[in-house]
Each structure stands twice: as structure tokens, then as C-alpha cells.
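The values are calculated or read from the model by the stated rules, or taken from the named source; none is laboratory data. A quick note: this is a predicted structure, and the numbers were derived from the prediction, not measured. A quick note on method: Cβ atoms are made from the backbone with ideal geometry, for glycine too, and the neighbour counts reach across all protein chains shown. When the accessible area is computed, the model is the full protein with side chains, heavy atoms only, and any ligands, DNA or RNA have been set aside. Shrake-Rupley method; radii C 1.70, N 1.55, O 1.52, S 1.80 Å.
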Amino acid sequence: MPQSKYTPPKAALWQAFFVITPVLLFMFNWLWAAIYNYANLHFLNTASIPSTSIHDALSFITSHLGQLALPLFIYLVVFWFFTLQLQILLRRLLQPTRADAMYFHPFNPGIFFMLLLTSLALVPMVMIGYHLPLITLIKLPDFISQVLIEKPALGFSALVGYGAYLLVMLKLAQVIPNLMAGQKFTAAVKQSWHTLTWWHVLRFIGAVICNLCVGGLAALALYGIQKLADHASAFDALFSANMLIWVFTALMYGLTTWFCWQMVRYLLSVPATDFHVSHPLRAIKRRWHWSIGYATVLLLCGLLSVTLENGWLQPITHTPIILSHRGVNGKNGVPNSIESLSQTIKSAHPAFVETDVQLTKDHQFVVMHDPNLKALTGVNKEPAQLTLNQLTKLTMHVDGHSAKIPSLKAYLAYATKHHQRLLVELKTPLVADKGTAKYFLSEFAKPLAENGAILHSLNKNLISDIKKQNRNFKIGYILPYNAEALPTSNNDFYTIEYSTLDPEGVLDVHRQHKQVYAWTANDRPSMYWLSVMNVDGIITDYPSRLATILKAQAQHPHYAVALVRYFFTIQHIL
């Protein structure tokens, strides 16, 4: 007997799910990004805070609470509106599988709380390219993962803690649907915990691993294609890179849709006596027009996403300058020491040496990065608790190297003598005394000018104060992450954490006729990525390695390695 061509309603629903979900993901991401950028920029301008770094927010939030009321209200409204849209989708998808009726609860605190916890659990998925609405706005700078890698005990503890947290949240995946069904929070938690067995959780994890493997294999294939294209002309290589960015973005919308389906299949619809989970894929295989339609939707979402986010790579217009991070070239000495500065000048002689400066107890300035001296010297004190004389008598120990803590005066004099320009980071308390700028300029205005040094800091008010007192200084703001809404002020450049920097961020800075320096790129994929981004400078611990890559890129740009970095670590909001 011939098989009926009639598609059951349940199959039709899930066919539509695979086609409609990418569109919804894109629309939600676009909407949240637009509102977030507006609120973020309003936050900056209203509160007169040059950036939304964590340091600034913690210090100023109480004193500017009245001014911050509007942007904070916008953030809350966005989150509230998202909970409503999520409830609409869950009710449409899950109501046929549940015996109890599901209703909208616009002001249920339990739903808000669980959505927040779930969003935090899914942040790693966004970090590797998945386009989950609202969560894409959470950006974790790469230096956080670097800290965890450099400190194995801390990294292992964080990994175990996150793993445990993720498992608990998976077991509680049905709490929100249960709350929508009218259950009390405690009852909803208990029912979710008992309904979802560890077998369901493991099946979901296995499905997600398959999802990730597909993404990894696709990225590997695209890398191979770009590797071949890099041997063609520079124009063809750039065109190929942009086409592959488009394809990969479309693919990630597809994988995100698959991920959402896996959540519904393995977690949200258990038990589901009439839930035909195999229908969508079988139907897509049988109906070729569904496959074409699905691919078209994905490609359209990818095209709009890259275009609206200004994610297209531009022709390389200049070679970025090289800045040595803390004055080192690899592991050639103790960072921020005159000894390592000397070796770096001889081996690399970068355009600038970035060095960290802190205020001492007697209002002098010492070259030091760490807020506490214990790790480097064994002395459990902050630089501000000791005088300059006491500090310069201490010996630092790093990776078998030893050196005395230098004063800024000595460090600057040595750099100037050897024709090495400095990028000085002022690492002072956030709410620094207004006399700090006066102390600094009274002693160092002339020698810094002779050196050709430039200044930057997380302390935006301090660095702006210095600019007001001496407009000849070139100053910059350090942004721990790209906030998507850059402030307009009297700075000359931005120093932005590289893993949150994208083509749109670079264009935003250049539209202000300012420069952008990316920090701190130490691995080859990061260096290749930044070399095709048209940034003005790259801060690195390995200036010689970077110089080799930039020289090769200037002769003939290669994009394959850069795309690997783009695929898996450069976060996107659309």
C-alpha cells in the first residue's frame, strides 16, 4: 500500500520549527542588540562615565543612581519582554505535550530567576558562536580564560564548578514550564528534578556534543577552503574569507536551531507521549523543497547578520604598530623591569613598550602591574602602602628571572636614553585623589614629552583630567571589553580587549577619527586575526613573533588562521 503523503500536524509543526526558529533567533538578536546599544550609550552619556567597565560601574553606581535610573529601567524592560516572548514560544511548543494547561505569567519572579540562571549556564555556547537571544550580549573577555589556563588549580575548580552548575540547571529545565502551568516554585523545582532523569540529561549532552562536532568539522572544512584561497590573489583571498564568514554564520544559526530543538526534545517535552521527535528530520529528507527552503532561510539570516553587524572584512589598509606588553619579548625577563626592557629593545625594539605605573604611599610613581606585591616579591602589601624607597629595594621573581622594582623615573630615563617610546598605563585607585594628576604632571610632563610617550588607563576620570591639564598628551581609555557603544570624549585612542573586538568595533573607533589598540594577543591565530582587522596597534607579550606575522601579511595577506579565531572566539551579537 503506497505511503500517504499526508503530513501529520505534529510533523508540520516541527517542520515549521526548523524554518521559523532561525528567523526568530535573528529577529530577537537584532531587537535586543538595538535596545541594548541604545541603553548602553544612554548609560554612558547620562552617568558621565566614559565606559561600562566593571571597575567604573562598581564605583559610580551609587552616586549616579538617579542618572542611571532610565538605562537600568531599559535593561529590566528588555529582560522582562524576553521572558514574555519565551513564554509564548514555550506555550506554543509544549502545550500539546502536557496534560495541564500553560498560561502566561508576566510578573512571576520565579520565571525571571530561572531564566537568569539558565542564561548564565548557556554563556559558553555563545562564546563559541551560538546565536542564543539576549545571551549573545554577555561578553566574556579572553583574558579571563587565560587566567584560568595560567592557574591550573583555579581553572580546574572553575571547570568542575561550572560542570556541576550546568548539570543542576539541566535537571531543572522544566521549572519554567511548570511555573507556567500554575505550580508553586518549590513544587515546580521538585517535579522537574524527578521528571528529568539523568538518562535524559546524558542524552541531551550527547546530542549537544554531536552538534559541536558538526560545527567543528564544518569549521575545519572552511579552513581548508580558505587555505587554498590564500594562495590566490589578495582580492580573491579576501572575497573567499567574507563568503566563508557568511556561510559559517548561516551554519551557526542552523546549529543553534538544532540546539534549541534538542532542548525541547530531550528536556522540555519529557514525558511526551505524542511527541514525534523523528518527524522533522525525516520530513526534511523526504521533502527536498523543505531542505532548500531551510538552507535559504539560514543563508538569509547569515547574510543579514554579517551585514547589519558590519562583520565583513575590509581590505587591509595599513600594518598595525607593535606594542610590547609590560616590556617583555617572550619570557626574556621579569615584566616591567629595566632588565626585560633592555632585552626587548635589543631583540625587538617595538614601536612602544607598554608599562604599568602605580602611586606609592609618598605620592611617587613606581612601575608595577599587580595590585598586591606578594606574588612577585613575597611581601603581602599593596604598592600604595609602601614608599618608593621601600618598593625599589624589593626583588621580583618570575620564571627564573629576578629584578628590582624600578621607579617610573628610572624606567623612563632608560627608555628615553635608548630611544624607546612608552605607553604608560596609570593603574591608580578608581576614585583617585584629584591631586594625582597634579603629582604626575609636575614630575613627568617634561620627561614623558621628551620620550614621546602616550598614556592610557582604566581610570577614565584621571586620564581625562591629565588631558585637560596638558592637551599635548595623547591619551587613551582602556576598555576591558567592546561595549558596542563607544563613548565620545577627549581621548585619542581606545585600548580594547582583542577577543571582544570585531570589524564593527574597529569601524566605530575610526569613525571618531581615533585609533584602536588591541590587547593582549599572544597566540598566532589572534595575531593573524588582528592583522586583517585594520587595528592601529597590537599589544603582545611576543613582539618578535608578531613582527614576523605582520611582515608576511604585508606581502600577501592570509586569512585561514584568522578565520579559525573568528569562528570560535570572536563573539557576535547578531
Among the numbered criteria (1) assigned to a strand (DSSP E or B); (2) open to solvent by less than 60 Å² (accessible area, probe 1.4 Å); (3) not polar (S, T, N, Q), which single criterion is violated by His397?
(2)
Residue in the range 238-250 that is among the aliphatic types (A, V, I, L, M), in contact with a Leu (Cβ under 9 Å, 6 or more places away or on another chain), within 21 Å of Pro124 (Cβ to Cβ) and buried (at least 18 other Cβ atoms within 10 Å of the Cβ) present:
no
Being surrounded by 14 or more Cβ atoms within 10 Å (Cβ to Cβ) and at pLDDT 90 or above narrows it down to one residue among Leu202, Leu222, Leu308, Leu217; which is it?
Leu222
Looking at the range 468-481, I want the residues that are open to solvent by less than 20 Å² (accessible area, probe 1.4 Å) and at pLDDT 90 or above and have a partner that is part of a strand (DSSP E or B) and among the aliphatic types (A, V, I, L, M) with Cβ atoms under 6 Å, at least 6 apart or on another chain. Which pairs are those?
Ile475/Leu455
Conditions: (1) in a helix (DSSP H, G or I); (2) touching a Leu at 6+ places or on another chain (Cβ under 6 Å). Tyr165 meets all but one. Number of the miss?
(2)
Looking at Thr488, Thr387, which one is among the hydroxyl-bearing types (Ser, Thr, Tyr) and either at pLDDT 85 or above or open to solvent by less than 50 Å² (accessible area, probe 1.4 Å) (or both)?
Thr387
Checked Asn329, Asn336 against criteria (among the polar types (S, T, N, Q), open to solvent by less than 20 Å² (accessible area, probe 1.4 Å) and either within 30 Å of Leu501 (Cα to Cα) or modelled with pLDDT of 85 or more (or both)); the one match is Asn336
So which residues in the range 352-377 are in contact (Cβ under 8 Å) with a residue 12 or more places away in the chain, more than 29 Å from the chain's Cα centre (by Cα) and either open to solvent by 50 Å² or more (accessible area, probe 1.4 Å) or closer than 15 Å to Phe440 by Cα (or both), if there are any at all?
Leu359, Thr360, Lys361, Asp362, His363, Gln364, Phe365, Val366
For the range 166-196, how many residues are of a type in the set (S, T, N, Q), farther than 23 Å from Val123 by Cβ and free of Cβ contacts under 8 Å to residues at least 24 places away in the same chain?
4
Could you grab me the full set of residues in the range 236-258 that are in contact (Cβ under 8 Å) with a residue 40 or more places away in the chain and either within 20 Å of Ile316 (Cβ to Cβ) or over 21 Å from the mean Cα position of the chain (by Cα) (or both)?
Ala237, Leu238, Ser240, Ala241, Asn242, Leu244, Ile245, Trp246, Val247, Gly254, Thr257, Trp258
Might you check whether a residue that is open to solvent by less than 20 Å² (accessible area, probe 1.4 Å), farther than 30 Å from Ala188 by Cα and without any contact (Cβ under 8 Å) to a residue 24 or more places away in the chain occurs anywhere in the range 149-158?
yes
